[in-house]
Structure formats: C-alpha cells, structure tokens
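The values are calculated or read from the model by the stated rules, or taken from the named source; none is laboratory data. Source: prediction; values computed, not measured. Reconstructed Cβ throughout: ideal geometry from the backbone, glycine too, with neighbour counts over all protein chains shown. Ligands, DNA and RNA are excluded from the accessible area calculation, which covers all protein heavy atoms including side chains. Shrake-Rupley method; radii C 1.70, N 1.55, O 1.52, S 1.80 Å.
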Amino acid sequence: LFTLVTTCIAIPADAQSSDPRIAEALQPLPADLKAGATVVAYDTANGARQVLRQGTNQIECQPKAADGFVRCYNKILAPRRDLEAKLRAQKKSDAEIQGAVAEGQKAGTIPSPQFGTMSYRYSDDPQRIKLLWTMSVPNATPETIGVSTVSQRDAALKGAGQPWLMLPGT
C-alpha cells in the first residue's frame, strides 16, 4: 500500500511578485480587495501604462506617484488615469489636466464615476491624510444625501475624521 501526502501552501497574490511596487500600491485597500486588484504603473517619460499585476476584481491600483500618493480606484476610472498620465508626461499643468478630463467626460470619451464609486488613497506624509477613502456622489448636495460639508481634513490628520461632502452639486 502506498500513501502520498502533499502539503499546499497558499501564497497571497501580492506576495507572488518580487516587485515592491505591488505591495506599495495595495496599501490603501481593505484586505478583501487586495488579492484581486490589478496594479499598474505609468512611464513618466511618455505616460505609457504598464501592468505590474493583472487582477480579477474591479479595482486598479498605482504605486506612489510623484505627488506622494498611492491610489486605488474602480477600473471605470482607468481611461481617466491613462489620460492624466499622458498629459503629465507632456508637462501639462494640473489645471490643463483637469480641463482635459472634464472635456473628455463631457464628450463621453472619459467615463464619469457612477454614483457610489469608491477611490482609495494613501500617503505616508504626516501633513496629509494618511488613508483617505472617497465615494463619488455626482451632483449630490447636503440636502439629497444628508451629510455635512464641513471639511474634516484637520480631524482626519488626527485620526478622527468623519464623512463630509466635498464640492457639493458637482
């Protein structure tokens, strides 16, 4: 009689690559979204997209950018991020980039986030909110969703932030 015994070891998806940018990019996400997230980086010279890890869920993440932020977002926002990267490589200003995104959304070439779309941001700069989760609520006002418009930035820096509506009606 012959018995074969095997041991299976589960390796987390973010540990399957030796590229440290993958672990960095996943920092802002809740644990249950990390294993399935796609991780992309952009070439600063030309804005070209590079997939560091193909994921299986709706989330896409980027390692720390020049502005010091790690970002994760729903894949519906990928065309916006692609355009932003190309325009940054062309040395466009923030205002020019925002204008081009707004123009693309108006023309329908850049999808707008749907009501309730989540984005996640992380920074290790103590002067910035360390972990920021943002829900897009296009055209919402305090009256339509019942939330304050008082900025929570200072409270969030102290670890006591609460939800608030930024740019009501937009």
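When residues of region 129-162 are filtered for being open to solvent by 80 Å² or more (accessible area, probe 1.4 Å), within 15 Å of GLN27 (Cα to Cα) and part of a strand (DSSP E or B), how many remain? Going through region 129-162 one residue at a time, the tally reaches 2. Against the numbered list (1) modelled with pLDDT of 95 or more; (2) under 15 Å from the mean Cα position of the chain (by Cα); (3) not polar (S, T, N, Q), ALA66 comes up short only at (1). Looking only at residues of region 1-19 that are touching a helix residue (DSSP H, G or I) at 6+ places or on another chain (Cβ under 9 Å) and part of a loop (DSSP other than H, G, I, E, B), we find that the one that is modelled with the highest pLDDT is SER17. Residues considered: ILE97, ILE22. Of these, the only one that is within 16 Å of the chain's Cα centre (by Cα) and either under 26 Å from THR170 (Cβ atoms) or at pLDDT 95 or above (or both) is ILE22.
For region 99-128, give me the residue count where each residue is under 19 Å from ASP82 (Cβ atoms), outside any loop (DSSP other than H, G, I, E, B) and aliphatic (A, V, I, L, M). Talk me through it step by step, then tell me what you get.
Step one: filter region 99-128 for residues under 19 Å from ASP82 (Cβ atoms), giving 99-114, 117, 119-121.
Subsequent filtering for residues that are outside any loop (DSSP other than H, G, I, E, B) retains 99-107, 117, 119-121.
Those still in the list that are aliphatic (A, V, I, L, M) too: 100-102, 107.
Residues in region 99-128 being under 19 Å from ASP82 (Cβ atoms), outside any loop (DSSP other than H, G, I, E, B) and aliphatic (A, V, I, L, M): 4 in total.
Residues in region 109-128 that are under 15 Å from the mean Cα position of the chain (by Cα) and surrounded by 18 or more Cβ atoms within 10 Å (Cβ to Cβ): PRO113, THR117, TYR120, ARG121, TYR122, SER123. Working carefully through the options ALA100, ALA95, find the one that is closer than 14 Å to SER112 by Cα, surrounded by fewer than 18 Cβ atoms within 10 Å (Cβ to Cβ) and of a type in the set (A, V, I, L, M). Of the residues listed, the single one that is closer than 14 Å to SER112 by Cα, surrounded by fewer than 18 Cβ atoms within 10 Å (Cβ to Cβ) and of a type in the set (A, V, I, L, M) is ALA100.
Among SER119, SER112, which is modelled with pLDDT under 90, under 27 Å from GLN50 (Cα atoms) and of a type in the set (Ser, Thr, Tyr)? Show your work before the answer.
Details: SER119 fails: modelled with pLDDT under 90.
It is SER112.
When restricted to residues that are among the basic types (Lys, Arg) and free of Cβ contacts under 8 Å to residues at least 12 places away in the same chain, region 69-93 contains 2.
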